[in-house]
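For reference, the structure I am asking about is given below.
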Amino acid sequence: MTPELTVLALAGLLQVLQYVLMSVPANMELGVGKTASPRDRERLGGAIEDLLSPKTARLLRALNNHFEGLILFTLAVVVVTLSDQSTPFTATCAWAYLAARVAYVPAYYFGLSPWRSVIWFVGFGATIAMLISALI
């Protein structure tokens, strides 16, 4: 397995961890009746995010952000791996992505501004660098 695929697997596990970190307090705050429902705004009295405490809502946004980032990172890993262009550079980029994603969760949870955005950009930049390196 390439280092990039290893990091992708770990990023998937991070996604699972983020889901647990968000869903446990969300269920405690809202109750299973709301979280297991169809989550229609009119039935709940607003969007789920609006009903959560500020920190749990941040965990939800961080989770959703990782879903978005993971799509592009997965694409980069697939391109690098299938084109047999795994290098120490792409491996370093993959690890930088994962480190940034791990750091992003507490940065978002604690509202560390502007550092949350800087951390996000490190992961995004590492992903873009992987894609560009596969093209050149």
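The values are calculated or read from the model by the stated rules, or taken from the named source; none is laboratory data. The structure presented is a predicted model; accordingly, all values stated were derived computationally and were not measured. Note that we place each Cβ from the backbone using ideal geometry, even for glycine, and neighbour counts take in every protein chain shown. Just the protein is used for accessible areas: all its heavy atoms, side chains included, with ligands, DNA and RNA removed. Shrake-Rupley method; radii C 1.70, N 1.55, O 1.52, S 1.80 Å.
Can you classify the stretch 1-54 as rounded, prolate or oblate using the Cα gyration tensor, where a ≥ b ≥ c are the square roots of its eigenvalues, rounded means a/c under 1.5, and otherwise it's prolate if a/b beats b/c and oblate if not? Walk me through the numbers before you get to the answer.
Numbers: a/c = 3.50, a/b = 2.93, b/c = 1.20.
Here the stretch 1-54 falls in the prolate category.
Mind putting a number on the dipole of the stretch 1-129 about its Cα centre? Charges go on the C-beta only, +1 for Lys and Arg and -1 for Asp and Glu, and I need it in Debye to the nearest 20.
Numbers: 9 positive and 8 negative charges, 67 e Å.
The calculation lands at about 320 debye.
Moving on. Counting only protein heavy atoms, what percent of the accessible surface of the stretch 13-79 is carbon or sulfur at a 1.4 Å probe?
Values: 2450 of 3840 Å².
Roughly 64 percent, rounded to a whole number.
Cβ neighbours within 10 Å, averaged per peptide: list 16-23, 87-94 in order, most packed at the top.
87-94, 16-23
Give the peptides 30-38, 120-128 in descending order of average Cβ contacts within 10 Å, highest first. Walk me through the intermediate numbers first.
Numbers: 30-38: 12.1, 120-128: 18.1.
Packing order, densest peptide first, comes out as 120-128, 30-38.
A follow-up question, please. Quick one: angle between helix 88-109 and the longest Cα principal axis of the chain, in degrees between 0 and 90, rounded to 10, please.
It is inclined by approximately 20 degrees.
Restricting to DSSP H runs of at least four residues, report the calculated mean residue ellipticity at 222 nm for the chain, -39500 (n - 2.57) per run over all residues, nearest 500 deg cm²/dmol.
Mean residue ellipticity at 222 nm (helix-derived): -27500 deg cm²/dmol.
Sticking with this structure for a sec: Using r as the Cβ-Cβ distance of residue 117 and residue 24, and R0 as 25 Å, what FRET efficiency do you calculate, to the nearest 0.05?
Numbers: r = 27 Å, r/R0 = 1.06.
FRET efficiency, residue 117 to residue 24: 0.40.
I would also like to ask the following. Answer with a single label: of [x] 11, 32, 21, 9, 13, 12, 2; [y] 12, 38, 27, 17, 6, 0; [z] 11, 39, 36, 12, 2, which was calculated as P(r) over Cα pairs in 10 Å bins from 0, in percent from the structure in view?
So the calculated entry is the one marked [y].
Can I ask one more? To test your reading of the geometry: what angle, between 0 and 90 degrees and rounded to tens, separates the Cα axis of helix 54-82 from the longest principal axis of the chain?
Around 30 degrees separate the two axes.
If you take every residue apart from residue 122 with its C-beta less than 15 Å away from the C-beta of residue 122, what net charge results, scoring Lys and Arg +1 and Asp and Glu -1? Walk me through the intermediate numbers first.
Numbers: positive: 101, 116; negative: none.
For residues surrounding residue 122, the net value is +2.
Relative contact order of the chain, please, whole-number percent, based on alpha carbon pairs below 8 angstrom and at least 6 residues apart. Before the final figure, lay out each step's value.
Details: 120 pairs, mean separation 42.9, N = 136.
Worked out over the chain, it gives 32 percent.
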